Structures are given as C-alpha cells and as structure tokens.
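Take a look at the structure below.
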Amino acid sequence: MSYVDSTYYEMSFGGTIIPEDSIDIKLERASDQIDTLTYNRIVGIGFDNFTEFQKDKVKKAVCIHAEFIEQYGSYIDMPLSSFSAGSVSVSFNAQRINGITTTQEVLNYLKQTGLTCRRL
C-alpha cells in the first residue's frame, strides 16, 4: 500500500519528475522502502494512527524517495560507489540504511517522525 497517491504527488507535493504512466509503481516501491527504513513501524502502528505532522513527513519522504528512484534507479543497486577515469572522478553520494539507498533529505524527514530510532 502506498502512503501517497498520484494526486498528492502532483498537486500537494508539486512533483513533476516521475512520468504519469509510472507514478503509482514508483510511489508503491518508495512506500515499501520507507517501511524498511522505519523498521516497519508504519505498518505495525497503522498509518491512520499517526499525527498529521507524522503523516505529512512520511508523505514528503515517500515523494522525495520516489523521485530519487526515478532519477537514479539504474545506479542505486550498482556495486560501485565511485568511478575514476584519468582526471574524471564520479562518486555516488547517497545513504544506505537497512539495505535501502536513499538521500539525506528522506532520512531527515523520517527522523522527525521518531520512526527511525533503533530503540523501541
């Protein structure tokens, strides 16, 4: 189950990066990965039981992560973290938590919810 629908992504979040024909798939995948980043606490507690503040932060995190997947999907699971050829060097600056590669912005939104703490 996705925590965000295409209407929220396009209208409230103002997203334009994900093509219309793959919005639902990307949002679903991003929601699944947000569950992993939050140790499945959203599933356990129930999204509807969160405060409006928490819901807002989770929705924004899902949208940002879905855009990250859209933009860098082919590079996310690569075994290389950097590449050098002569004087050209490229490195991938992303965070990897619980096997999920994402951006610091996504993690910052999720930290505000209190769902990423490893303690119970």
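Considering the dipole of the stretch 12-73 built from charges on the beta carbon (Lys and Arg +1, Asp and Glu -1) around the Cα centre, which of G15, Q54, Q33 is farthest to its positive end?
Q54
Starting from the Cα of C117, move 7 Å in the Cα-to-Cβ direction to define the label point; list residues of the stretch 35-59 whose amide nitrogen is under 18 Å from there.
37-46, 50-55, 57-58, by backbone N distance to the label point.
Can you tell me which of 97-106, 17-26 comes out highest on packing, and rank the rest after it, using the mean Cβ neighbours within 10 Å?
So the peptides 97-106, 17-26, ranked by packing, come out 97-106, 17-26.
I need to check one value: relative contact order of the chain, counting alpha carbon pairs closer than 8 Å and at least 6 residues apart, in percent.
Answer for the chain is 30 percent.
Using only Cα atoms, tell me the angle between helix 23-37 and the longest principal axis of the chain; keep it within 0 to 90° and round to the nearest 10.
Its long axis makes an angle of about 90 degrees.
Relative to the longest principal axis of the chain, what angle (0 to 90°, nearest 10) does the C-alpha long axis of helix 52-76 take?
Compared with the principal axis, the helix lies near 20 degrees.
Please order F53, F13, F47 by the number of other Cβ within 10 Å, starting at the fewest. Don't jump to the answer; show the numbers that get you there.
Values: F53 10, F13 17, F47 14.
Listing F53, F13, F47 from fewest to most nearby Cβ atoms yields F53, F47, F13.
With +1 assigned to the C-beta of every Lys and Arg and -1 to the C-beta of every Asp and Glu, and no other charges, what is the dipole magnitude of the chain about the Cα centre in debye, to the nearest 20? Let's see the in-between values first.
Numbers: 11 positive and 15 negative charges, 151 e Å.
In total the dipole reaches around 720 debye.
Using all Cα-Cα distances in the chain, what percent lands in each 10 angstrom bin from 0 up to the longest?
13, 44, 30, 10, 3, 0
Sort 110-117, 39-46 by the packing proxy (mean of other Cβ within 10 Å over each peptide's residues), most packed first.
110-117, 39-46
Can you check what the net charge comes to around Y8, using other residues whose Cβ is under 11 Å from the Cβ of Y8 (Lys, Arg +1; Asp, Glu -1)?
Around Y8, the surrounding residues sum to 0.
Could you put E28, E52 in order, starting from the residue whose Cβ has the fewest other Cβ atoms within 10 Å?
Lowest count first: E52, E28.
What order do you get for R118, R96, R29 when you list them from fewest to most C-beta neighbours inside 10 Å?
Placing the least packed residue first, the sequence is R118, R96, R29.
Readers should treat all values here as calculations from the given coordinates under stated rules, not as data from a laboratory. Computed from a predicted model, the values in this text were never measured in an experiment. Please note: Cβ atoms are built from the backbone with ideal geometry, for glycine as well, and neighbour counts cover all protein chains shown.
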